[in-house]
1. Consider the candidate values [x] 17.0; [y] 18.6; [z] 21.5; state which one is Kirkwood radius over Cα pairs in Å computed from the structure displayed.
2. Students often check this: by mean Cβ neighbours within 10 Å, which of 147-153, 66-72, 174-180, 19-25 ranks highest, and how do the rest follow?
3. Between segment 31-95 and segment 132-163, what's the alpha-carbon centroid distance in Å?
4. Between GLU107 and SER44, what is the label-to-label distance in nm when each label sits 7 Å out along the Cα-to-Cβ direction?
5. State which entries of LYS27/LYS168; LYS72/LYS155; LYS31/LYS72; LYS16/LYS89; LYS47/LYS89; LYS16/LYS85 exceed 29 angstrom in Cα-Cα distance in the structure shown.
6. If you line up the long axis of helix 15-28 against the longest principal axis of the chain, both from Cα atoms, how many degrees apart are they, to the nearest 10?
7. Order of TYR171, TYR188 from fewest to most other C-beta atoms within 10 Å?
8. Can you give the calculated 222 nm mean residue ellipticity of the chain, where each DSSP H run of n ≥ 4 adds -39,500 (n - 2.57) and the sum is split over every residue, rounded to the nearest 500 deg cm²/dmol?
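Quick note: the coordinates plus some simple rules give every number you see, no bench work behind them. Predicted, not measured: the structure shown is a model, and the values here were computed from it. Here the Cβ is made from the backbone with ideal geometry for all residues, glycine too, and neighbour counts use every protein chain on show.
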Amino acid sequence: MGKMLVSPLIMMYKAKDYIYYQQLREKVSQKVTLSNSQWHRLASIFKLQIFRDRDTIVLPGDSIHEIYFTCKGLLRVYYISEEGKETNKAFIVENQFATPLAASALELPLIYGVETLEESILLVAQYRDFIQLFDEDPIFDRIGRYLAETLLIRKELRMRSLLQQTAKDRYIDFICQHPQLASRIPQYHIASYLGITEVSLSRLRRTLPTPAPS
């Protein structure tokens, strides 16, 4: 899969890689304040992994339970129907977490796959290592709750979009919320995420006004 593993305890003394751990610390610090010792303990369970464009991270059916933090790059989360059709569930960009939380907690095989859409740099922790931190310090339990809330909110908003919005409204919301992604993601992947065909997306885009040049 073209990934390279590096020990975080070594990495923290390498300036060119330290910035990725600092990204994670800054993200977590938006919700909790960590002492240096708490931060070093959290960082110790994460490993740096580098993936090429179109690398597979996990496949549906795998029993790999990991937490991903995207330092750089772009991921797609997808599932495969019984007929073998892939449907995109989410796109994960820089400074976002991704993890199959329910499957990990229940120790079930994954129903989703994860693939890179660009060369990507991730910090990856084993789910079992993460939950073991909860017994060491209440601060880690707070981080766990923050992670669960983030993923549940993302899931709720996604379900509301699919159930309550038209494809046109979903596309407009997608462009408004992620203006940079339209040029980073192939149109057929965006169409899959919206629940329509690529042809329908092309027609839909033609009905929208063209943005004025800046």
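1. Among [x] 17.0; [y] 18.6; [z] 21.5, the one calculated here is [y].
2. 66-72, 19-25, 147-153, 174-180
3. 14
4. Label at GLU107, label at SER44, 2.4 nm between them.
5. Going by Cα-Cα distance, LYS27/LYS168; LYS16/LYS89; LYS16/LYS85 fall outside the 29 Å limit.
6. Helix 15-28 sits roughly 80 degrees off the main axis of the chain.
7. Ranked by crowding around the Cβ, least crowded first: TYR188, TYR171.
8. After summing the helix terms and dividing by the residues of the chain, the value is -13000 deg cm²/dmol.
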